[in-house]
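K.L.:
Handing you a structure now.
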Amino acid sequence: MKAGTALLALRLAAGGVFVAFGVGKFINHGSELASFKTYGLPAPELFVVVIGAVELVGGLALIAGRFTRLAALVLAGDMVGAIIFSGLGQWEVISLTLAPALLVAMLLLLRTGPGPLTVRR
């Protein structure tokens, strides 16, 4: 597989995961809020909405290949938070497995940029 094709696949797959989890924070708001309340963060109601928006918008940016490095930077921070607060703090399996993988993917995209097939203006 060529490097460009691999970057495209990585961008689309990671973007899709972020979009799904971002949308989930709005569709399953009550369940997500209950989880966020266990993390010990101030204003969990606000955090659910902000993190949901970050994941949704960031995921769409990855899919489109627009502002890829900025999206990757913000989403990497999101994954560090997920690993610390829900993974290590609550031993949530997805935050100890998928979140580290997404963090590595975001660091790679931060370094390389979007690769091929990006949405142009």
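K.L.:
What 222 nm value per residue comes from the helices of the chain, counting each DSSP H run with n ≥ 4 as -39,500 (n - 2.57) and dividing by all residues, nearest 500 deg cm²/dmol?
P.N.:
-25000 deg cm²/dmol
K.L.:
In addition: With every protein chain left in place and a probe of 1.4 Å, what is the accessible surface of Val93, to the nearest 10 Å²?
P.N.:
Its heavy atoms expose roughly 100 Å² to the probe.
K.L.:
Which percent of the accessible heavy-atom area of the chain goes to carbon and sulfur, probe 1.4 angstrom?
P.N.:
That share works out to 73 percent.
K.L.:
Test of understanding: what is the full-extension gain from Arg111 to Leu41, defined as 0.36 nm times their sequence separation minus their Cα-Cα distance?
P.N.:
22.2 nm
K.L.:
What spacing in nm lies between the two simple spin-label points modelled at Arg69 and Leu98, each 7 Å away from Cα in the Cβ direction?
P.N.:
With each label point 7 Å from Cα toward Cβ, the separation is 2.9 nm.
K.L.:
So I have (1) -0.60; (2) -0.42; (3) -0.65, and one of them is log10 I(q)/I(0) by the Debye sum over Cα atoms at q = 0.12 Å⁻¹ calculated from this model. Which one is it?
P.N.:
(2)
K.L.:
Next question. Where only protein heavy atoms count, and the probe is 1.4 Å, what is the accessible area per residue for the chain in Å²?
P.N.:
On a per-residue basis, 55 Å².
K.L.:
Right, next: In a Gaussian network model over the chain where Cα atoms closer than 10 Å are linked, find which of Ala72, Ala20, Ala61 has the largest mean-square fluctuation.
P.N.:
In this elastic network of the chain, the residue with the biggest mean-square fluctuation among Ala72, Ala20, Ala61 is Ala20.
K.L.:
Here's something else I'd like to know. For a test of the definition: using alpha carbon positions, the gyration tensor, and the 1.5 limit on a/c, classify the range 42-89 as rounded, prolate or oblate.
P.N.:
The shape class here is oblate.
K.L.:
Starting from the Cα-Cα distance between Ala6 and Val80, subtract it from 0.36 nm times their residue separation and give me the gain in nm to one decimal.
P.N.:
Full-extension gain reported as 24.3 nm.
K.L.:
Find which of Gly115, Gly16, Ile27 sits farthest along the positive direction of the dipole of the chain, computed with +1 on the beta-carbon of Lys and Arg, -1 on that of Asp and Glu, about the Cα centre.
P.N.:
Of the listed residues, the answer is Gly115.
K.L.:
Continuing with this model, one more query. Give me the net charge for the shell around Ser31: Cβ to Cβ below 14 angstrom, other residues only, Lys and Arg +1, Asp and Glu -1.
P.N.:
Around Ser31, the charge tally is -1.
The values are calculated or read from the model by the stated rules, or taken from the named source; none is laboratory data. Note that the structure is a prediction, hence the values are computed from the model and not measured. Cβ: placed from backbone, ideal geometry, glycine included. Neighbour counts: every protein chain shown. Surface areas here come from the heavy atoms of the whole protein model, side chains and all, with no ligands, DNA or RNA. Shrake-Rupley method; radii C 1.70, N 1.55, O 1.52, S 1.80 Å.
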